[in-house]
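Derivation of every value follows stated rules applied to the coordinates shown; laboratory data play no part. What you are looking at is a predicted structure, and each value in this text was computed from that prediction instead of being measured. A quick note on method: Cβ atoms are made from the backbone with ideal geometry, for glycine too, and the neighbour counts reach across all protein chains shown.
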Amino acid sequence: MSHPIRSFGAVALPAQRPKVAARTLMLDLKVNRSAFSDPAFTENRASGIHRWVPWIAGFSAAFVAEAIDKHAPDGGLIVDPFAGVGTTLLETVRRGVAYEAMGFEINPYAAFAAHAKLEAARLRVAEVRRTADRFRREAPTAAPAAEPAGFHSRILFYSPRVLAQVLRALGWIHKLKSEQLRELFLLAFSSVMVKFSNYSYEPSLTSRPAVGKALVEDADVFEMIAGKLDDMAEDIASLQRDCPPPGVGKVHTGSWAAADGLIEEGSIQLIVTSPPYANNYHYLRNTRPQLYWLGFATSPDGLKAIEQASFGKFWQTVRDLPPIPLQFDFPELEATLGKLRTLNTEKGHYGGGGWANYLATYFNDSYEFLRRFRRLLSPGGVAVIVIGNSIVQGMDIRTDEILAHLAESDDVGLRAERLEVARGKRVGNSIINSSVRTGPAKTATLYESILTLRR
Ligand SMILES: C[S@@+](CC[C@H](N)C(=O)[O-])C[C@H]1O[C@@H](n2cnc3c(N)ncnc32)[C@H](O)[C@@H]1O
């Protein structure tokens with residue numbers, strides 16, 4: 001469906017916006033208990049291969065496996081448009097050749113991690129172990145790599161004794177001839193690199209002194225990397241022992257918006273995904289060390305394009321724009337954003353207006369995402385979406401319910417089958433500007449839902 005475009009401030013708006021019906025009854029769908037396992041990543045920390053790279057918003061392998069059992073038991077194409085570090089993709093390919101996995105991930109570091117995990121099944125375990133031993137012996141005297149161009153941090157990222165080891169370790173890894181092994185070693189390095197730095201995840205990247213932790217003056221960098229490689233070798237061995245020959249898995253470094261050109265219409269059996277929550281968690285800022293030290297970024301400008309193409313952009317990129325309208329007609333959401341715009345106006349772009357712009361961008365992207373992926377789903381195909389609510393300037397924004405309404409609008413045409421609350425209490429940074437947690441949502445809690453949509 002194409003819309004004649006009329007201009008509205010900085011943003012193009014269709015002359016006749018498609019309608020989203022406020023079917024309050026829809027919320028009868030919502031149940032407070034989910035048949036699925038907890039979708040949170042925590043459990044992946046102890047699960048083979050998934051444990052390699054902790055990802056703040058990753059979800060659990062068991063949850064993905066259940067979704068596949070339920071909706072694609074016989075194989076097919078399974079897609080994760082927000083692939084993160086590849087939980088969906090890995091769980092799909094390990095089921096064997098009847099399955100194909102495709103993912104999109106805009107953060108080059110996360111996409112790299114997903115790719116390395118998908119390739120791991122093809123590595124020879126004995127070679128990984130031998131190379132890790134060689135690393136232990138040779139890296140401490142290897143020629144050091146140069147420090148990454150353009151990487152700056154408020155306080156020294158590595159103390160001098162740590163830095164000297166890091167540069168030698170990287171110098172050794174860069175010389176590895178096998179591309180697959182080099183990728184695996186770089187992943188091992190990047191998954192532990194913050195542990196021996198003067199920063200930590202809280203869950204946002206913060207300097208250790210800022211949270212009362214001591215600087216890391218020294219550490220056994222070589223052993224921490226080699227130990228990680230031992231774990232990796234063990235996981236690859238059990239994957240090869242326990243699983244059938246893997247299906248094909250691909251991850252595209254870039255936005256889900258490229259899916260149109262890469263996926264045939266009507267071909268997706270199942271989507272299992274979790275888009276960024278409307279909590280302005282800045283994946284790019286929080287992975288700056290990995291992005292720079294692995295060479296995916298050399299200047300802030302390089303990251304700007306990724307910021308702009310990110311789902312929902314970020315509050316920082318839209319807060320100072322003129323009011324951003326919704327691309328669809330949804331009076332209830334309009335009213336919510338209208339109310340938000342009136343809150344804390346004295347705080348300039350920290351007040352409600354900036355956040356209303358962020359949410360409007362977020363829901364416009366959600367709408368476009370649902371519209372485009374509906375066409376790619378096979379008839380009867382299913383999308384299982386994990387999403388949490390947000391508390392913004394004291395207002396409870398029920399992202400899960402809003403997505404269900406958007407999915408059911410005429411212009412999207414999906415059926416919302418289930419909306420299950422998976423976790424009634426969620427900790428995390430979804431309370432945006434908690435100092436104003438005195439507004440209408442004083443008693444609201446953060447939760448996480450699983451939304452099942454069917455074409
Ligand atoms: C909630 S996380 C998904 C984590 C994933 N389920 C896992 O287990 O690793 C959302 C991801 O969406 C990515 N993302 C944001 N905007 C995107 C876009 N336009 N296209 C593709 N990925 C995007 C973020 O970088 C982030 O990794």
For the chain, what is the convex hull (Cα atoms) projected area averaged across all directions, in square nanometres? 21.9 nm²
Under a 5 Å amide H to amide H cut-off, with H placed in plane at 1.01 Å, what residues pair with Phe104 once short-range neighbours are removed? Asp80, Phe82, Ala83, His252
Using the Kirkwood formula over every pair of different C-alpha atoms, what hydrodynamic radius in Å results for region 253-404? 17.0 Å
Quick one: if the Förster radius is 45 Å, what FRET efficiency do Arg130 and Val97 give, using the C-beta to C-beta distance and rounding to 0.05? 0.95
Long-range HN-HN contacts of Ile268 with modeled amide H, under 5 Å: Leu377, Ser378
Shape call for region 64-116, from the Cα gyration tensor axes a ≥ b ≥ c (a/c under 1.5 means rounded, otherwise prolate when a/b beats b/c, else oblate), comes out prolate
Using θ = phi - 60° and the Karplus curve 6.51 cos²θ - 1.76 cosθ + 1.60, what whole-Hz ³J(HN,Hα) does each residue of region 185-202 get, with Gly and Pro shown as x? 5, 5, 5, 4, 4, 5, 7, 10, 4, 6, 4, 9, 9, 8, 10, 8, 8, 10
Measure nothing but the geometry: give the 0 to 90° angle between the long axis through the Cα atoms of 352-376 and the longest principal axis through the Cα atoms of the chain, rounded to 10°. 80 degrees
Out-of-range pairs (alpha-carbon distance over 27 Å; input Lys175/Lys195; Lys117/Lys175; Lys117/Lys177; Lys70/Lys313): Lys70/Lys313
Beyond 17 Å, what share of the Cα-Cα pairs of region 209-263 remains, rounded to the nearest whole percent? 70 percent
May I ask for log10 I(q)/I(0) of region 100-203 at q = 0.13 Å⁻¹, from a Debye sum over the Cα atoms as equal point scatterers with solvent left out? -0.57
Give the cross-link partners of Lys19 among the aspartates and glutamates, using a straight C-alpha distance below 15 Å as the criterion and excluding same-chain residues fewer than 8 apart. Asp329, Glu332, Glu334, Glu368, Glu408, Asp410, Asp411
Could you go through region 396-404 in sequence order and give the Karplus-derived ³J(HN,Hα) for each residue, using 6.51 cos²θ - 1.76 cosθ + 1.60 with θ = phi - 60°, rounded to whole Hz, and x for Gly and Pro? 7, 9, 8, 4, 4, 5, 5, 4, 4
